[in-house]
Each structure stands twice: as structure tokens, then as C-alpha cells.
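> Quick one: this structure, given as C-alpha cells, is what I'll be asking you about.
The values are calculated or read from the model by the stated rules, or taken from the named source; none is laboratory data. Quick caveat: nothing in here was measured; it's all calculated off a predicted structure. Using ideal geometry, Cβ is built from the backbone for each residue, glycine included, and neighbour counts are taken over all protein chains shown. Just so you know, the surface numbers come from the protein's heavy atoms only, side chains and all, with ligands and any DNA or RNA stripped out. Shrake-Rupley method; radii C 1.70, N 1.55, O 1.52, S 1.80 Å.
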Amino acid sequence: LHMQNCLTGLLLAETASANVIGGPEAGERNVISDNSVAIEIDGTTNVVQGNYLGTDATGTASRPNAMEGIWIGPGGRDNIIGGSEPGEGNLISGNALYGLNIGGANATGNVVKGNLIGVDVSGEKKLQNRYGLVLSAGSQRNTIGGTEPGDANIISGNQSGGMLIRGSDTADNVI
């Protein structure tokens, strides 16, 4: 599925829960580019895996979303972005502002693992976002990466920074 030229490519509203967007197989992949935001998540317990957000279908060229690849807003809780197994990680690169932004007082318990952020599909060439990953506006108790094989995110090549954590009430996140 290719989504483009929308304000938000895919919106998981406050009542959206237990949805799976994409998957580990190439045929399950969504390519979401040329929007303002590729995926906005305000719901709970959703899974986003194996997608290309801000790139072309080959994962080697930028097709930027004007703001974010993924925005987990104030109601976004307990969502999983990526995964530890082959193919579960998302390619979140080439976006004009943020690759992934988790922001808001109720943006809690989200897990981000196994993703490529700011590089191409090979993980070796720069395909920058302005910032790779942002935790802000009171987001709390989110986990970035992990200790198991495959949990690590590759965050590299971004223009202004790999990660940005801001706001005095942004706390208790594990990186």
C-alpha cells in the first residue's frame, strides 16, 4: 500500500487499539511518504512494523513527509514501533522534521525497537530526518531499544541530532 499527498497518511485515533500496520514480510509493507505526517497514533496497543516512512519503495531515496514519519500523540499508550525479529523494524528516514516523535503527558509505555532511523534500507547510507527520535511534552515511561538481540535501533545520519529529549516533565524513559 502506498499512501501520499495527505495531511496524515494513516491516523490511529484515540479509540483505535490492537491494530497491526504492516508486518515483517515485504508484501505486508506500507510505503507512506509525501504527507504532512505518515502515521499518527493517539490510540493504544497498536503495532507498526516493517513499513517505509519518508522514503521511496526501494528504501534508498527520500520522499519526505513534511513533519514526522511517526507521531505518537498525548493519547498514544503501549504501542510497539518495530520489533526484534527480521523485517519487523521500520525504515523511518528522509522526513523533513522528525523521524519519530513521542510527545504528550499521556504518551506512555510505548516501545521502539529494531528500527532504522536516518539511514537507508541498508543501514549504511545517510537518509536524514532533521531529528531522528524526539521525546517531548511530558512523555513518560517509554522504552527505546532493549537488551535482547534485534532490539537496537540504528539512529544515524540525521541532520540536527539523533535524539532530542526536551521538557522538564519528560521523564522516566529508558534508552
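> Which residue pairs have Cβ atoms under 8 Å apart, sit 6 or more places apart or on different chains, and have a first residue in region 66-77 that is farther than 10 Å from T108 by Cα and a second that is surrounded by fewer than 19 Cβ atoms within 10 Å (Cβ to Cβ)?
That search, which allows pairs on different chains as well, returns A66/S36; A66/A96; M67/S36; M67/A96.
> Something else about it: Given the options N101, N95, name the one that is over 19 Å from L12 (Cα atoms) and within 12 Å of the chain's Cα centre (by Cα).
After ruling out the rest, the residue left standing is N95.
> Moving to a separate point now. Within region 75-105, count every residue that is of a type in the set (A, V, I, L, M, F, W, C) and not in a loop (DSSP other than H, G, I, E, B).
6
> Is there any pair with a first residue in region 4-27 that is closer than 18 Å to E88 by Cβ and open to solvent by 50 Å² or more (accessible area, probe 1.4 Å) and a second that is in a strand (DSSP E or B) and at pLDDT 95 or above whose Cβ atoms are under 6 Å apart and which are 6 or more apart or on different chains, and what are they?
V20/V47
> Does region 101-134 hold any residues that are hydrophobic (A, V, I, L, M, F, W, C) and under 19 Å from R77 (Cβ atoms), and which are they?
Listed by number, the residues that qualify are I102, A105, A107, V111, V112, L133, V134.
> If A38 passes every condition in (1) part of a loop (DSSP other than H, G, I, E, B); (2) in contact with a Gly (Cβ under 6 Å, 6 or more places away or on another chain) but one, which one does it miss?
Only one criterion is unmet by A38, namely (1).
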